[in-house]
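Below is one structure, written out as C-alpha cells; the observations come after it.
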Amino acid sequence: MKSNLILPTGKISQIRGKCISLIGNDIDTDRIIPARFLKCVNFDSLGKFVFEDDRKTLKGMHPLDLEENKDASILIVNSNFGCGSSREHAPQALMRWGIKGIIGESFAEIFYSNCIAIGIPCFTLSKKSIQVLQKKNNNKILFLEIDLKNSIAKSKNLILDLGIKESTKKMFLSGDWDATSNLLKNSSLVEKKLKELPYIRFNAES
C-alpha cells in the first residue's frame with residue numbers, strides 16, 4: 001500500500017489523476033495478483049505484489065515500475081480486463097497500489113462488481129478511443145479529470161463521454177456502494193432489528 005493512500009469511503013463524484021496504460025486484451029486476475037499471494041490475512045500488503053510476475057519478466061520496464069507512473073491513479077486498459085477467477089484480491093491489489101478508477105473497452109463481470117464493492121469506478125470507451133488514450137499516455141504524461149455525474153473525462157484538449165451503468169453511477173454518487181459505512185451509519189437500525197429477532201432473545205435469555 002502507498003504510504004499516503006486514503007481508501008475510498010462514502011460518495012464519489014470526481015476522480016482526478018495521472019493515467020497509466022496497460023496494453024493487452026484478456027488480462028486476467030492471476031496476472032493482476034498471482035495465486036500465491038491469496039493466503040494473506042488482510043489486503044494491506046497486496047499493492048506491492050500487483051502484476052508481480054509480469055514485472056519480474058520485464059525487469060523494471062513494466063508500466064507500474066516506470067518512474068513517471070509511480071503516482072498514477074487512473075488505469076487505462078483494453079478488453080475483458082479482470083477475466084479469470086473471481087478473486088477479490090485483484091481490485092484490492094490495484095487499489096492499494098494507488099488506482100482510483102479504471103477506463104477500458106470492457107471488463108469481466110465479477111471483476112467489475114468487485115471493483116464497485118471497494119469504491120473503484122470502472123468506465124467503458126470504444127476500442128478506438130482507448131487506443132487514442134493509450135497512445136497519448138505512452139507519448140507523454142496524461143492527466144484526466146473524471147466527472148461521474150456527467151459521465152465525462154477531461155484533459156487539456158480532450159473531452160470523452162464515458163460509459164457506466166446508470167445503477168452503478170447512482171451507487172457512487174449516493175455512497176450506497178460503501179456497505180461498511182452504510183452499516184455503521186445505520187447501527188441503531190441493526191440493534192433494533194436484533195431486538196426483534198426471537199431467536200436472538202432466546203439465546204440471550206438462555
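Bear in mind these aren't lab numbers, they're just calculated from the coordinates by the rules spelled out. What you see is a predicted model; the values in this text were computed from it and never measured. Every residue, glycine among them, receives a Cβ derived from its backbone with ideal geometry; neighbour counts consider all protein chains shown.
Figures for the structure shown
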{"quantity": "For the chain: relative contact order, % (alpha-carbon pairs under 8 angstrom, 6 or more apart)", "calculated": "26"}
{"quantity": "Paramagnetic reach from Ile23 (point 7 Å along Cα→Cβ, amide N under 16 Å) across the range 86-108", "calculated": "105"}
{"quantity": "Unit charges on C-beta of K, R, D, E only; dipole of the range 22-66, Debye", "calculated": "200"}
{"quantity": "DSSP bridge orientation in the chain - percent antiparallel, rounded to nearest 5", "calculated": "55"}
{"quantity": "Cα-projected label distance for Phe143 with Lys192, points at 7 Å along beta-carbon direction, nm", "calculated": "4.7"}
{"quantity": "Per-selection metrics, the chain (Cα): Rg and Dmax in Å", "calculated": "19.1, 70"}
{"quantity": "For the range 14-175, with +1 on Lys and Arg beta carbons and -1 on Asp and Glu, the positive-most of Pro121, Leu38, Leu144 along the dipole", "calculated": "Leu144"}
{"quantity": "Order of Arg16, Arg96, Arg36 under a 10 Å beta carbon neighbour criterion, fewest first", "calculated": "Arg36, Arg16, Arg96"}
{"quantity": "Calculated FRET value between Ile6 and Lys135, using beta carbons and R₀ = 41 Å, to 0.05", "calculated": "0.85"}
{"quantity": "Karplus 3J(HN,Hα) series, Hz, for the range 145-161 with 6.51 cos²θ - 1.76 cosθ + 1.60 (x for Gly, Pro)", "calculated": "10, 9, 9, 5, 4, 9, 6, 10, 10, 10, 10, 3, 10, 8, 10, 10, 8"}
{"quantity": "Fewest-first ranking of His62, His89, using other Cβ atoms within 10 Å as the exposure measure", "calculated": "His62, His89"}
{"quantity": "Ratio of the Cα radius of gyration of the range 63-121 to 2.2 N^0.38 Å, where N counts its residues", "calculated": "1.08"}
{"quantity": "Local net charge near Leu158, Cβ-Cβ under 11 Å (Lys/Arg +1, Asp/Glu -1)", "calculated": "+2"}
{"quantity": "Distant-in-sequence amide H partners of Ile152 (H built 1.01 Å from N, under 5 Å)", "calculated": "Asp147, Leu162"}
{"quantity": "Net lengthening on full extension, Arg36/Asn150 (0.36 nm per residue, minus Cα-Cα)", "calculated": "37.0 nm"}
